[in-house]
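These notes concern the structure reproduced below.
Every read-out reported here was derived from the displayed coordinates using simple, explicitly stated rules and does not represent laboratory data. Computed from a predicted model, the values in this text were never measured in an experiment. Cβ atoms come from the backbone with ideal geometry, glycine included; neighbour counts cover every protein chain shown.
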Amino acid sequence: MVTEMTSKERVIAMLNRKPVDRIPIITGSTMVVENINKSGAIWPDLHKNAEMMIDVSSKMYTDIGVDSIIFPFSACVEAASLGLEVSMGRIDIHPSVKSFFKSPDDVDYSKFLESDFVKTTIEAAGIAKDKYPDAAKSILIVGPVTLAGYLAGANNLSKLSIRCLQKEKYMDTITEWLEVALDVNKIYAKACINAGADYIQCGDPSASTNLVMPEFYNKVAVPFEKELGDFIKSKGLPWVLHICGNMALCIEGMAKTGANCLSIEQTVDMKDAVRLAGDTPVAGNIAPLLVVDGTYEDIIKSTRYALDSGAKASMLGCGTPPLSTSDRLKTWVKAVHDWSSENM
Ligand SMILES: [Zn+2]
């Protein structure tokens, strides 16, 4: 029996494959409308106001009982900070990238760290560190394939990802885009680590086999994700790799990146994922829509299924949906506590 841990100790222990007092509960992005309204934050200011960002994201820790506080809300910080056009969405819709560059040479990242979006993340990390020392503070960054997709345009990247498996010249082109993306990833990750994050959550949704071939993921994407992950680890922090979509054919590849935890969605069976991931902890698998309008029974069933199947942390299959309800989120959290007290 492990003595009671703080949320931060629990999450970090899980990421380092050490014993925990109960299953840690972690999340992806948490731009939850109920929490925005409760905290008095204003949309879209909360994307560029560090106080509001932490007021909203910390509600998952203080009110819902999740172990992590994750920020920023948007997966467009890197793209916006490089000068790409970003639509801010709505209070219940995440921002999205609207433009792209013609050539990797057009990407100027000399002033990346001076962008308002990056500065907000860094300032938010400082606030969270002071206010919530016992929570596991996590900074959300995008992975190299997703960032390369923003830079080159998602359609162009998708075409290149098929052609590069057939012709060397396309491999050279996609590699150029990925190298620029990786440079930016490292600059941002280093700033996040220095700002006081406890772990990095790297989401690389464009590396999903819903968008690229499994062969592309395993052969081209994995080395870039691994290089980013190794860089994060070299600075002393663990990292979680999240890729949604059906990654069943790529779980071993995901584990090869050296990520401390793999976060997967509900289309991949948790039993298969745990088997294929080997020693690497796996989390996820609970359909996010369940916390929007699912029944309490289904939330409990899905939470318990993932844990019975060997998940080492409880997590929704993607970010926390903006229209999640606090009663359903609390049902999920309670289901994890109940499972833990019965099984640990
Ligand atoms: Zn996702």
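Students often check this: by mean Cβ neighbours within 10 Å, which of 99-108, 33-42 ranks highest, and how do the rest follow?
Those peptides, ordered most packed to least, come out 33-42, 99-108.
Roughly speaking, what is the stretch gain from Leu165 to Glu51, that is 0.36 nm per residue apart minus the C-alpha to C-alpha distance, in nm to one decimal?
Extending this stretch completely gives an extra 36.5 nm.
Only four residue types carry charge here, +1 at the Cβ of Lys and Arg and -1 at the Cβ of Asp and Glu. Report the dipole size of the range 9-133 about the Cα centre in Debye, rounded to the nearest 20.
Dipole size: approximately 380 debye.
Using a Förster distance of 56 Å, how high is the FRET efficiency between Glu179 and Asp130, based on the Cβ-Cβ distance and rounded to 0.05?
The calculated FRET efficiency here is 0.95.
How compact and how long is the range 256-344, expressed as Rg and Dmax of its alpha-carbon atoms in Å?
12.6, 37
Sorted by packing (mean other beta-carbon atoms within 10 Å per residue), highest first, where do 109-121, 239-251 land?
239-251, 109-121
Would you list which aspartates and glutamates come within 13 Å of Lys186, measuring only between C-alpha atoms, while excluding same-chain residues fewer than 8 positions from it?
Within reach: Glu78, Glu225, Glu227, Asp230.
Expressed as an acute angle from 0 to 90° and rounded to the nearest 10, what is the orientation of the C-alpha long axis of helix 296-308 relative to the principal long axis of the chain?
70 degrees
Quick one: length gained pulling Lys119 to Arg275 fully straight, 0.36 nm per residue minus the C-alpha distance?
52.1 nm
Can you give me the three principal axis dimensions of the range 192-335 from its C-alpha atoms, in Å, biggest first?
Computed over the Cα atoms, the extents are 41, 36, 26 Å.
State the Kirkwood hydrodynamic radius of the chain in Å, one decimal place, computed from all pairs of distinct Cα atoms.
One decimal place: 19.9 Å for the Kirkwood radius.
Excluding same-chain residues fewer than 8 positions from Lys169, which lysines have a Cα within less than 22 Å of its Cα?
In chain and number order, the partners are Lys102, Lys159, Lys219.
Once you compute Rg and the Kirkwood Rh from C-alpha atoms, what is the Rg to Rh ratio for the range 1-60?
Looking at the range 1-60, the ratio lands at 1.14.
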